[in-house]
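Beneath this line is the structure, given in structure tokens, with notes to follow.
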Amino acid sequence: MGGTTRRRAFAAAAAGLGLLALASLGYIRWRALRALDSAAREVAAERNLGFSVRLLPESAGSRFDWITTPAVYSQAAQFQGRLYLCGPSGLYEFDSSGKALRQFLVGRQLPPSPLTHMAVGLLADGGQPELLIATGSEGILAFDGARFRQIRPTEAAAREIQALLPLPSGRLLLGTSEKGVLVYDGKHLEPFHPSLSGIDVTALAGSDADLWAGTRSQGVFHWHGGRTDDFGESSGLPDPQVLSLLVDGDRALVGTPVGVAEFRGNHFRRAIASGAFAQSLAVSGDTLLVGTLDQGVVRLPPRPEPFPAGAGQSLGVIDDVEQIFTSGAGVYAVARHGLYALGEDGAGPRNLIHPSEAALTADNISALSLATDGRLWVGYFRRGLDILDPGGRHARHVENDRVYCVNRIVPLRPGGDMAVATANGLVLFDGGGNEHQALTRADGLIADDVTDVALDGGRLILATPAGITFLDPEGARSLYAFEGLVNNHVYALAEQDGQLLAGTLGGLSVLAHEQVMTSYTTANSHLERNWISALAPLDRGWMIGTYGGGIARLDDSGRFHSYDVATSDFDVNPGAMLVTDRYVLAGSLGRGLYVYDRGADRWSRITQGLPSENVTALAAGGGYVYIGTDDGLVRVRQEDLLR
């Protein structure tokens, strides 16, 4: 009896231990599965990039008046029987005869970001074919012919899109400048493959099973059979910068600034079109067409052997060919200011869309100034300057060897005389807008490149990359680092009550009577950055614009003050700072217009309504503020600026 009891007790204990072991194993397995699930969620979270999809609002009135610039084109696409051209400033619709129908402008109907690429595709979440438009900083626009919807990644780097490739599956491949190749399927946005992440993509071609991705400085990547191969100069590529891609059957053609590389399968075969700045590639029949920066469209017969070693036959010079495409039996080239039909057998190109009428000569504005007679002077980065009648109705254009790259425009006296600082010297204009004197190093300037101008009574003060030059009736005198200037490269000047501030690449110098009194740098003050790009006097103190540290204020006791909104990691463009009776305005590189309300002691930022978020020049007068960008010019009533 005792033995039986012991056996039963032992069996019960064994069973309990077994149950405990099973429970322990179950718990361990549960913990392991939970850990695996957590890890899977973390991996998925890393892969899945956030995004939003919204319909853009219908066009509404804007407080900004646009002063028209010539339309600039970079891409074309046919959609719903219409021809669409896009460029940095907007999307333009034409009928089959080339008649302009509608335009959708960046900053007005579209988000304030340049349009970079177009394609037509049917997305998984679209329901119908759409015109897909990539933007430089605002993701993707999908247009159904009536409304735009915006697919906007949450992360800024994923919004910088430079190439699109719609797939028959409804997925869309995106080439970005920092995140590499991404894929969008209507529900998820994620990296296409780790081997194509983190590269600066400039072009995409092929399919999701056999994909070619061109980059800005790393050559071309080829994804195929579950693996990625990369090709650079050591593999035969003429240059590591890829401008264009074309997949034609079993061939891939890679356009670079110095020629085209041909690949067959996964192997480099040969370099062709030597010396051609190959911005675009297309095949028509047995002919390869290369759109170039300065040689127009070049024809090359791609099939016969041997392949021509030179650049082939040029179809007349069309300046800056951005894209070549085929439609039916026709071949077309998109240039900056027009669309051309390419003739056969050496016939010259025929312009189908002529440059649009505009008040201004160009769009890349570098300087603004409003003369006392009400005329607006507009300087360009590479096109001289325009002088607009009051109201912006007509422009007189000035462009020559001296007046070309304009840095600043400063009124000299009430009669309308103007000083124009250029990369080739200081050019003085009379009240009639006529050039009457040009000053260079031969006339005593310390350098030809004049970056800013300040007035002190009858004395002109010039900033240059080599120091400061003072001009008065007695002649020219210069000052540079050897005499105490904190750095020779001077970007900005501002004068107030006999005191002169010089903003340089290496800090800020305070001068009086042509002598350096003190200098401020990050080493001896609370200055955020040494690179000073813009200055403006304000209430016995100064507003300081920097390259990399935003905006700060220097008071009359020598102390620097920061701001919640404006003292941040962004760049103030050279000379882009202005003080009015109500505001301080500062133009930024890619962050829009910063506005300081002097009464409320508060900074705000404006992007919507601007042609571009790269604000390069400012002027005010007659109740208006004029805002120049790298993509055009607008004006707004000062009272409506912060409306």
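Read-outs throughout are calculated quantities, based only on the coordinates presented, and are distinct from any laboratory measurement. Nothing here was measured: the structure is a model prediction, and the numbers come from that model. With ideal geometry, Cβ positions are generated from the backbone for all residues, glycine too; neighbour counts draw on all protein chains shown.
A few remarks follow.
- Peptides 124-132, 246-254, 540-548 ranked from most to least packed by the mean count of surrounding Cβ atoms within 10 Å: 540-548, 246-254, 124-132.
- Considering only the Cα atoms of the stretch 409-631, their convex hull presents on average a projected area of 12.4 nm².
- Taking the Cα centre of the stretch 409-631 as origin and assigning +1 to Lys and Arg Cβ atoms and -1 to Asp and Glu Cβ atoms, the resulting dipole is close to 400 debye.
- Note on the stretch 90-122 and the stretch 186-246: Cα centroid distance 27 Å, given to the nearest whole angstrom.
- Farthest towards the positive end of the charge dipole of the chain, among the residues Leu55, Gly391, Thr629, is the Cα of Leu55, using unit charges on the Cβ of Lys, Arg, Asp and Glu.
- For the stretch 409-631, averaging the sequence separation of C-alpha pairs within contact (under 8 Å, six or more residues apart) and dividing by the residue count gives a relative contact order of 9 percent.
- Put simply, the C-alpha atoms of the stretch 72-198 give a gyration tensor, and the ellipsoid matching it has half-axes of 24, 16, 12 Å, longest first.
- Against the main long axis of the alpha-carbon atoms of the chain, helix 2-47 sits at an angle near 30°.
- Peptide ranges 591-597, 626-632 listed from the most packed, as the mean C-beta count within 10 angstrom indicates: 626-632, 591-597
- Under 5 Å, built H, 5+ apart or other chain: amide partners of Gly391: none
- Taking every alpha-carbon pair within the stretch 134-196, the share separated by more than 18 Å comes to 29 percent.
- For the stretch 485-602, with +1 on Lys and Arg beta carbons and -1 on Asp and Glu, the positive-most of Tyr594, Ala512, Tyr583 along the dipole: Tyr594
- Computed magnitude of the charge dipole of the chain (debye, nearest 20; Cβ of K, R +1, Cβ of D, E -1): 2820 debye
- When only Cα pairs below 8 angstrom with a gap of at least 6 residues are kept, the chain shows a relative contact order of 8 percent.
- Note on the chain: dipole from Cβ charges, positive end direction compared against Ala566, Ala492, Ala276; the farthest Cα belongs to Ala566.
- q = 0.09, 0.10, 0.12 Å⁻¹, the chain: log10 I(q)/I(0) [Debye, one scatterer per Cα]: -0.85, -1.01, -1.29
- Listing Lys179, Lys99 from fewest to most neighbouring C-beta atoms within 10 Å gives Lys99, Lys179.
- Relative contact order %, the stretch 427-500, counting alpha carbon pairs below 8 Å whose residues are six or more apart: 23 percent
- Each of the peptides 322-331, 572-581, 381-390 was scored by the mean count of other Cβ atoms within 10 Å over its residues; in descending order, highest first, they stand as 572-581, 381-390, 322-331.
- Taking Cα centre as origin and charging only the Cβ of basic (Lys, Arg, +1) and acidic (Asp, Glu, -1) residues, the dipole magnitude of the stretch 529-587 rounds to 80 debye.
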